[in-house]
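Below is one structure, written out as structure tokens, with a few remarks after it.
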Amino acid sequence: MAVERRAYFGVISVNDEIVHAQWDRVRGRLRDEFGEAAFKSWLNPLSLAEIKNGQVRIGVPTRFLRDWVATHYGDRIRSLWSKENAAISAIDIIVVPTAATTPAVSRTTRPAHPILANSAAISVPTPESPGMEEIGASLDPRYTFDNFVVGKPNEFAYAAARRVADSDTVSFNPLFLYGGVGLGKTHLMHAVAWHIRERNPSRSVLYLSAEKFMYRFVRALRYQDTMAFKEQFRSVDVLMIDDVQFIGGKDSTQEEFFHTFNSLMDQGRQIIISADKSPSDLQGMEERLRSRLGCGLVADIHATTYELRLGIIAAKAEQMNATVPPKVAEFLAHKIQSNVRELEGALNRVVAHATLVGRDITLESTQDVLHDLLRANDRRITIEEIQKRVAEHFNIRIADMHSARRARQVARPRQVAMYLAKQLTSRSLPEIGRKFGGRDHTTVMHAVKKIEELRGQDSSFAEDIELLRRMLEN
Ligand code: ADP
Ligand code: MG
């Protein structure tokens, strides 16, 4: 919880120091949670426009950005604001055209944008009506099973989620999903909720983050309304709590959660939990809770593989109706390995750019658009890496980079590797020769010439080399 709290009523000047400090913290949290790439693409352009009657108005330069931010980040921005400033209960994202494409972010230069009278706005209100909607969070319509790409790293979690969603009786209880950030935990949980609601609308499904659970609990305490709180939570058929690690170290919330959990388990209701770690690795959790969390089915989602990333790119490209050439897809799958969210963010940027400038997506445009993101991983390239990548690419053994074999299928890749070593490192010809099984510098020189020649003759070979170069050149 923020230390600095101040409630506001009526109109607040956005030049207010404290409001700006709060906004800066909200931005900081968004950056931490969604990552640098997503932040730069979607959230950095946001500007604080006005605060009025408990509502924060946030300006974005385009309609496209407004829709995107509202659906993807609206809820999160609102909840971060409410935490910073107790008087805020809703946000409003509006289009505020700016002269400059990059908004001024420094406090002193940030202009207070005039609000256009006819600006179309999308509201993300706090659900205040009674009933299930009030305590739960809304579900993202895109997070369905159909839109979930299954691969080795997530097939077990997917199968478990499917099973729970498909059965009318309680199968595994609780289902505990865990994995690193941006790997699809929330997506799977929403998918389960959608599926159950569709199959059996009479079953009440409640999905919310652990953070929201805490917020509701604290609020119930404050308003001395804990009975209603308990009742609400203990009357659902399916309870899903996302990111349960959040209540680590928050003792009274944990206590309440423990009781809610036990009560539902005793009644034979389904519980689904997600976290960034396995139950036994959760920090600041009481032992009894940890052991209960792990007593059902525990399924982890592993880091993505190259194949899964390719599959995800293909699926998302299709959804966006974008033509992404195979080379570009391979390039992205090689380069952006951190998580699916980053990968999606990168692809969105590439597609948005192509749409805006009205040109096809190419390897060049992709590299341009993602320049900052790719440079963030900047590092020195070694000859060993080049050998490894090239060997992988042409499906030969690394040992063949050093061997004396002269068969074309190993000699050519070896020449490619020498050529790239010359291009991408500052090593001299004799040094490179030594790394390739003690070959003479004239052999390296010959390889460089040969590859240059082939590049000129065969455009698909040239593209291959280009792809390898870009992959290596972080
Ligand atoms: P987590 O909750 O694990 O941090 P999310 O479920 O929010 O991750 O996933 C981040 C983004 O990546 C979402 O937009 C989600 O739709 C997408 N995503 C993750 N895994 C997959 C997948 N296997 N197939 C399709 N999209 C995925
Ligand atoms: Mg999540």
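Which of (1) at pLDDT 80 or above; (2) open to solvent by 20 Å² or more (accessible area, probe 1.4 Å); (3) out of contact with any Leu (no Cβ under 7 Å at 6 or more places or on another chain); (4) in a helix (DSSP H, G or I) is the odd one out, the single condition ARG29 does not satisfy?
(3)
Give region 428-441 a look and list any residue that's open to solvent by 40 Å² or more (accessible area, probe 1.4 Å), on the phi < 0 side of the Ramachandran plot and among the small types (Gly, Ala, Ser), or say none.
Of everything in region 428-441, just one residue is open to solvent by 40 Å² or more (accessible area, probe 1.4 Å), on the phi < 0 side of the Ramachandran plot and among the small types (Gly, Ala, Ser), namely SER428.
Scanning region 48-75 for residues that are hydroxyl-bearing (Ser, Thr, Tyr) and in a helix (DSSP H, G or I), which turns out modelled with the highest pLDDT?
TYR73
So is ALA399 open to solvent by 30 Å² or more (accessible area, probe 1.4 Å) and part of a loop (DSSP other than H, G, I, E, B) or not?
Taking the combined requirement at face value, the residue does not satisfy it.
Do you know which residues across region 315-342 are within 11 Å of ligand 1 (Cβ to nearest atom) and without any contact (Cβ under 8 Å) to a residue 40 or more places away in the chain?
LYS316
Please work out if THR425 is crowded, with 16+ Cβ neighbours inside 10 Å, within 27 Å of GLU364 (Cβ to Cβ) and of a type in the set (Val, Ile, Thr).
Answer is yes for this residue.
Rundown of residues vs (1) at pLDDT 95 or above; (2) within 12 Å of ligand 2 (Cβ to nearest atom); (3) part of a loop (DSSP other than H, G, I, E, B), yes/no style:
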{"residue": "TYR178", "(1), (2), (3)": "yes, yes, no"}
{"residue": "VAL181", "(1), (2), (3)": "no, yes, yes"}
{"residue": "HIS187", "(1), (2), (3)": "yes, yes, no"}
{"residue": "ALA191", "(1), (2), (3)": "yes, no, no"}
{"residue": "HIS195", "(1), (2), (3)": "yes, no, no"}
{"residue": "PRO201", "(1), (2), (3)": "no, no, yes"}
{"residue": "PHE213", "(1), (2), (3)": "no, no, no"}
{"residue": "ARG216", "(1), (2), (3)": "no, no, no"}
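What number goes with the only condition from (1) more than 27 Å from TYR306 (Cα to Cα); (2) at pLDDT below 95; (3) touching a Gly at 6+ places or on another chain (Cβ under 9 Å); (4) open to solvent by less than 80 Å² (accessible area, probe 1.4 Å) that ALA404 does not pass?
Status for ALA404: all satisfied but (4).
Would you confirm whether any residue within region 172-179 is more than 15 Å from ligand 1 (Cβ to nearest atom), more than 30 Å from GLY345 (Cβ to Cβ) and open to solvent by 20 Å² or more (accessible area, probe 1.4 Å)?
Yes, because at least one residue in region 172-179 is more than 15 Å from ligand 1 (Cβ to nearest atom), more than 30 Å from GLY345 (Cβ to Cβ) and open to solvent by 20 Å² or more (accessible area, probe 1.4 Å).
For region 148-171, what are the residues that are under 23 Å from GLN319 (Cβ atoms) and surrounded by 15 or more Cβ atoms within 10 Å (Cβ to Cβ)?
Residues satisfying the conditions are PHE148, VAL149, VAL150, GLY151, PRO153, ASN154, ALA157, TYR158, ALA161, ARG162, ALA165.
Can you find even one residue in region 442-465 that is open to solvent by less than 70 Å² (accessible area, probe 1.4 Å) and under 17 Å from GLU385 (Cβ atoms)?
Taking every residue of region 442-465 in turn, at least one turns out to be open to solvent by less than 70 Å² (accessible area, probe 1.4 Å) and under 17 Å from GLU385 (Cβ atoms).
With the requirement that a residue be of a type in the set (D, E, K, R), open to solvent by less than 30 Å² (accessible area, probe 1.4 Å) and away from ligand 1 (no atom under 16 Å from the Cβ), what does region 237-266 give you?
Within region 237-266, GLU256 is the sole residue that qualifies.
The values are calculated or read from the model by the stated rules, or taken from the named source; none is laboratory data. Quick caveat: nothing in here was measured; it's all calculated off a predicted structure. Here Cβ is always computed from backbone atoms with ideal geometry, including for glycine, and neighbour counts include all displayed protein chains. Each accessible area value is taken on the protein alone, full model and side chains, heavy atoms only, with ligands, DNA and RNA left out. Shrake-Rupley method; radii C 1.70, N 1.55, O 1.52, S 1.80 Å.
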